Structure formats: C-alpha cells, structure tokens
Amino acid sequence: MHRYTWRTGTVEVLLIGAALLTLVPIVGLVNVAFKAPSNLSTALDFAGPYTLDNFATAWVDGMLGAALINSALITSISVALLVVFGSMVSYLISRRTAGWSKGAYTLFLAGLVIPGQLSLLPLYQTMVDVRLVGTLPGIILVNVGAGLPFTVFLFTTFLRDLPRDYEEAAMIDGAGPVRAFTTVVFPLLRPIVGTVVILNAIAIWNSFFVPLLYLAGTGLETVPVRLYGFVGQYTSNWPVIFAGLIITILPVLVVFFFLQRSVMQGFSGGVKG
Amino acid sequence: MTRPRRRRPLQQRVPLWFGIPAAAVFVFIIIVPSVQGIALSFTDWNGITDDFGFVGFENFIRIFRDPRAIAALQNTLVLALTVTVVQNLIGLLLALGVNGRVRSRHILRVVFFTPVVLTPLVAGYIWGYLLSPRGTVNQALEAIGLGFLKQTWLGDPRFALACVCVAIIWQFAGYSMVIYLAGLQAIPVEINEAAVLDGAGPVRRLISVTLPLINGAIVINLLLTLIGSLGQFDQVMAMTGGGPGNATQTISTSIFRIGFASGDYPYGIALAVVMTIFVAGAAAIQYRLTSRKVDF
C-alpha cells in the first residue's frame, strides 16, 4: 500500500511537468524584467545583457514607492478593523441565542452571495455625497464592509465550537463581559485570527476594481491602480512594466513563502465550515 | 453567607454594543446600497439630482435589445461555465496527484498554489505579454514547427475569450486544488484500504469511494469558482479591456463602462441586478446540492 510503484513514478513525472508549465509565466516575468533595452530576446531566452535599470525606472516613474506605502497602510488598517469589528460582532452572535442573533448572522451570510457590483454605483454616489471618495477613511470603510461577511462567518463558526468554560470561569471570578472577551476569549481566537488576517490581507492587497473607482487619480492610489496607469503609459516597454509587476507582487510572495502552510490552510480551511 | 442572586446565563451577558461597529459598517456599505441598487434599477435616476421617475422594467428591456449588453451576458456565462468546469477538473487532478505518495508533493503544492496569491491584474498582464503577437506562445509554436498555428490571440474575437479563461484557470487552479486536498485528507485511510481489499481498482475507487466522500469540497469549489468568475473584471481589464469589439466584455466591465464612463446609472445597475440573479441562482443550486450530504 505504501510502496513507491512505477505508477507513482509516472504520476510524479506528469506533476513535475505540470509544475514547470505553471512556472513558465513567472520565469518569463522575471527574465524579461531584467533584460537591458538592447536585449530583444524572448521571455524564455536567457542570453544577456541584463540590467537592474528597469526596476529603477519602474520605481521612480511608476511612483511605486508611494503606492506601496498606500497599499500597506490601507491593507493593514482595513484588516485590523476587520479583526476587531468581526470578532466582537461574532462573539455577540455566537453567545446570544435570541432570534435576532440568528437573523443578523443570516444577513451577514447573505452578504457572501450579494455581488459587490449591485451596491457599487449607489454606494459610490453616497460616498461622493459624504465626501469620502478619494480618501483613506472612504476606501477603508468599503474594504471593511466588503470583508465583513466572510470574516463574521469564519469567527462565528470558530466561536460556536469554542468551549465556554474559560470565559465562564473568568466571569465567575468577577470579570465583566468586556474583560472576559479581551483577556480570555480573544487570545483563544488566535488560529482563526491568522486565517482572517491572511485571507483579507491578500484580497485587499490584490483588489483592483474598488480602489480603481475610489482612488484613481488621487495621491492615494494603491499598487494595482498605479500599475494600471503605469502600463497605459509604457504600453510596449515590457521590461519596465514587468519590473513594476515584480515590485508589486514581491511583498505578497515573500509572505507566502514564509507562511506557505498557513496560507494554504487558510484558503482551504476557510471554506470548510 | 448569602446565596448569589440569580443572573442570566453568563454568556447571555455579552453587551449589545459589541455588534454596533460591524453592523453599522455592514448596513452602510452593503445592505443600504444593495437595496438602493435594486430600487434604482426601476427608475431613470441620473446619478446627481433626486428627482427621478419610476420606469418599470424599461432598463431591463433595454438590456435585451442592446447587442453590447447581450454580448456581455453571453461572454460572462461562457467564461464562468468554462472556468468552473476546467479549473475544477484540473484542481481535482492536481489534488489527487499531490495527495499521493509522490516524493515532491510538498514543493509541488507550493508551486501550484503560487499563482493564487498574485495580484489578478498582474496575472492578466503576464498573459497579455505571453499571448501578444510576438509573444512567447507564438514563438514556442514556431520553435516546435507549428508556426502555422500562430495567432493574434487577444486581437482575434474567436480566441480572445478563451485566452482570458486560460489566464484565470492558470491563476486559480491551485485554489481549487487546496480545497480538494483538504477534502481528500479528511478521508480515513481505512476506507480506501477496505476498497482495495474488496478488489476495487484505482478508477473504481475514485468514482465509488473518493468522489462521494469529497462531495462537500466539490460543491464549495464549484460555487466559489462560479461566483468568482461571474464577477470577473481584473484579468479582462489587463488583457483586453473588453475587446476586440465586445468579444471579452463581461457584466462587470460593462457596468464599469456604462455606469462610470457614460453615466447611465440605472442601466448599469439593471445589469448588476441581472448578475445578482445569476449568482443567487448558483447559490440556490449549491444549497440544494449540499442538503444531500454523504456521511461515513
């Protein structure tokens, strides 16, 4: 049953072939990004000359430094608020048994299947009216709203299975519900907080449609929005464009390679519920 | 000693204000504008003034008389169904492969999953380059003597939508894979061993044992892929911008074009309502399917 047979060997060879095929676009991306302007060879041709200039050009002309700071700021604040707001409301939903609690949960779950496109235009008008378009609080508010349904789903499923003994002990010892939550319950949420952070951070960092609407043309453009403008400007200068793309995805890739197991578990475990 | 006074069960004392921040944001960002969206799709609102009239189903009738909107609906359905079927087949095969005894399974999982974390816009640009007239795909075809198959892939209405599908599947097959893998790893080893003892071959075991036991993963994967690809925007914008002509225009890119570029708000919102109906339909089918759970 556990021997390495010729059949396993065939599967392994096929899988490695598929893996190489999967990597071709990424290898091409990296290879092109380092090519000097005089180097007209193709994406899978590794003859020189190579240069680092494309990265400098992309960084300076693309104003990617500012965009990276914007993205980091928007992502981290949005994710922090999602963790705080999401865990609090889920604690309430999971511990109260009244009918409204189930109703509220159902409404949050409905948010999972309501496409953002439906609320897009009316919300945009409202945000124009309250002057939040093109501002940091505006985009963060939209990110938090969009991320809440899945966040509440993850926290509530986890909290429902969490033993109540610890928080009860804390309350019998005289802790109020707020203290019991901050000192006892929240620390127990650590594994699911990890999942919530990873999934929301990747989704928000990579999102394009919403920041394109709310931030295009302002000084707050996130990396994907900046790239979109940048590509329009450099339509056929692929080495510079690709250098810009690499700068964009590098932070996410670094996080992924350090936390592979948790990231993959987050993506697969998040939907098991 | 006095007896402690009777109180409500301890957990029932979680204060209501714990729910206020999340509820406020959720109502403001999702619920109110979604309801407004449905209501406004029956009006002639111009997006600025408050005086607008009720026009019944006129916006929806316009959709079905507008060749561009019909093209967008068709493209979205074709793209969503193609991506859902192909991505899930590939994801399932990859999961079965890396769940086995192959030695490189851990590194293979990482490789197959890597595209998932990339920015979809970036994935779109990479494929836009690979599929450009002098791009890698055409050069590879030439190199292996199949130069006559060279195409202007993204400039040709016959191939453009399929090319967008390829880019999406390349990026997200690894996502389907990890969900199938989680399902496969939850199957107790004894069940497969019992099937082997009963003389079932690999194909028979896959159909009669494995697939029924990962029913949950299959349904969730199909739903996630379907909902995700019905809203497809990023890769299309990066690869074709909706062209050539309207060959890769999707509902999302049309909403963007109509709603923001031409300011025809109610019409854009009516398209979003149609999309919501598609998504709700997919979710309803999923709900029906999950109620037939397989247990062991």
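Only the coordinates and a few stated rules stand behind these numbers; no lab work does. In this text the structure is predicted, and so the values were computed from the model without any measurement. Cβ atoms come from the backbone with ideal geometry, glycine included; neighbour counts cover every protein chain shown.
Within 10 Å of each Cβ in B:123-130, how many Cβ atoms from other chains are there, averaged over the peptide?
On the way: counts 6, 2, 10, 11, 1, 3, 9, 6.
Whole-number average of other-chain Cβ neighbours for B:123-130 is 6.
Work out the charge dipole of the range A:56-269 with +1 on the Cβ of Lys and Arg and -1 on the Cβ of Asp and Glu about the Cα centre, then indicate which of A:Thr75, A:Ser87, A:Val240 is farthest towards its positive end.
My answer, from the dipole projection, is A:Ser87.
Taking the Cα centre of chain A as origin, sum charge times position over the Cβ atoms of Lys and Arg (+1) and Asp and Glu (-1), and report the length of that vector in debye to the nearest 20. Show your work: numbers first, answer last.
On the way: 14 positive and 11 negative charges, 124 e Å.
With Lys and Arg at +1 and Asp and Glu at -1, about 600 debye.
Counting other Cβ atoms within 10 Å of each Cβ, which chymotrypsin sites (Phe, Trp or Tyr not before Pro) in the range A:3-103 have at most 16 and sit in a DSSP loop?
Working: sites: A:Tyr4, A:Trp6, A:Phe34, A:Phe46, A:Tyr50, A:Phe55, A:Trp59, A:Phe85, A:Tyr91, A:Trp100; in loops: A:Tyr4, A:Phe34, A:Phe46.
The qualifying sites are A:Tyr4, A:Phe46.
For chain B, what is the mean residue ellipticity at 222 nm derived from helices alone (per DSSP H run of n ≥ 4: -39500 (n - 2.57); sum divided by total residues; nearest 500 deg cm²/dmol)? Each step should come with its number before you reach the end.
Numbers: 14 runs with 181 residues, N = 296.
Value at 222 nm, helices only, nearest 500: -19500 deg cm²/dmol.
Relative to the compact-globule scaling 2.2 N^0.38 Å, provide the ratio for the alpha-carbon radius of gyration of chain A. The partial results should precede the final answer.
Numbers: Rg = 23.3 Å, N = 273, 2.2 N^0.38 = 18.5 Å.
Rounded to two decimals, the normalised Rg is 1.26.
At 222 nm, what value in deg cm²/dmol follows for chain A if DSSP H runs of at least 4 each add -39500 (n - 2.57) and the sum is divided by all its residues, to the nearest 500? Don't skip to the answer; put the middle values down first.
Values: 13 runs with 202 residues, N = 273.
My calculation for chain A gives -24500 deg cm²/dmol from helical runs alone.
Hey, if you put +1 on the Cβ of every Lys and Arg and -1 on every Asp and Glu Cβ in the protein assembly as shown, which of B:Cys163, B:Ala282, A:Trp59 ends up farthest toward the positive end of that dipole?
Value: B:Ala282.
Counting residues in the protein assembly as shown as N, plug N into 2.2 N^0.38 Å and put the Cα Rg over that result. The partial results should precede the final answer.
On the way: Rg = 25.3 Å, N = 569, 2.2 N^0.38 = 24.5 Å.
Against the empirical 2.2 N^0.38 Å value, I get 1.03 for the protein assembly as shown.
Determine which residues of the range A:229-273 fall in the zone a paramagnetic label at A:Asp161 would reach in this model, i.e. backbone nitrogen under 11 Å from the point 7 Å along Cα→Cβ.
The answer is A:269-273, whose backbone nitrogens lie closer than 11 Å to the label point.
Counting other Cβ atoms within 10 Å of each Cβ, which chymotrypsin sites (Phe, Trp or Tyr not before Pro) in the range B:50-149 have at most 13 and sit in a DSSP loop?
Values: sites: B:Phe52, B:Phe54, B:Phe57, B:Phe60, B:Phe64, B:Phe112, B:Phe113, B:Tyr125, B:Trp127, B:Tyr129, B:Phe148; in loops: B:Phe52, B:Phe57.
Loop-located and lightly packed - B:Phe57.
Assuming a ≥ b ≥ c are the square roots of the Cα gyration tensor eigenvalues, decide whether the range A:4-127 counts as rounded (a/c under 1.5), prolate (otherwise, with a/b larger than b/c) or oblate.
Values: a/c = 3.16, a/b = 1.57, b/c = 2.01.
Verdict is oblate for the range A:4-127.
Could you give the dipole magnitude of the protein assembly as shown about its Cα centre, charging the beta-carbon of Lys and Arg +1 and that of Asp and Glu -1, in debye to the nearest 20? Each step should come with its number before you reach the end.
Numbers: 36 positive and 24 negative charges, 364 e Å.
That gives the protein assembly as shown a dipole magnitude of about 1740 debye.
Return the average number of partner chain Cβ atoms within 10 angstrom of each residue Cβ along peptide B:217-226.
On the way: counts 3, 0, 0, 4, 2, 0, 3, 1, 0, 0.
That average works out to 1.
For chain B, with a Gaussian network of springs between Cα atoms less than 10 Å apart, report the residue from B:Ala182, B:Ala280, B:Ala195 with the top mean-square fluctuation.
The residue with the greatest mean-square fluctuation here is B:Ala195.
According to the square roots a ≥ b ≥ c of the eigenvalues of the Cα gyration tensor, what is the shape class of the range B:26-290, taking rounded for a/c under 1.5, prolate for a/b larger than b/c otherwise, and oblate for the remainder? Each step should come with its number before you reach the end.
Values: a/c = 2.65, a/b = 1.46, b/c = 1.81.
In terms of gyration-tensor shape, oblate.
Could I have the simple spin-label model distance between A:Tyr4 and A:Arg131, label points 7 Å from Cα toward Cβ, reported in nm to one decimal?
6.8
Could you pull out the trypsin sites (Lys or Arg not before Pro) across the range B:39-148 that fall in loop regions by DSSP (anything but H, G, I, E, B) with no more than 15 other Cβ atoms inside 10 Å? Before the final figure, lay out each step's value.
Numbers: sites: B:Arg62, B:Arg65, B:Arg68, B:Arg101, B:Arg103, B:Arg105, B:Arg109, B:Arg134; in loops: B:Arg101, B:Arg103, B:Arg134.
The qualifying sites are B:Arg101, B:Arg103, B:Arg134.
Among A:Val32, B:Phe260, B:Asn88, whose Cα projects farthest towards the positive end of the dipole of the protein assembly as shown, with charges put on the beta-carbon of Lys, Arg (+1) and Asp, Glu (-1)?
It is B:Asn88, whose Cα lies furthest towards the positive end.
Set the Förster distance to 41 Å, then compute FRET efficiency between B:Arg68 and A:Asn39 from the Cβ-Cβ distance, nearest 0.05. Walk me through the intermediate numbers first.
Values: r = 42 Å, r/R0 = 1.02.
Efficiency computed from Cβ-Cβ geometry: 0.45.
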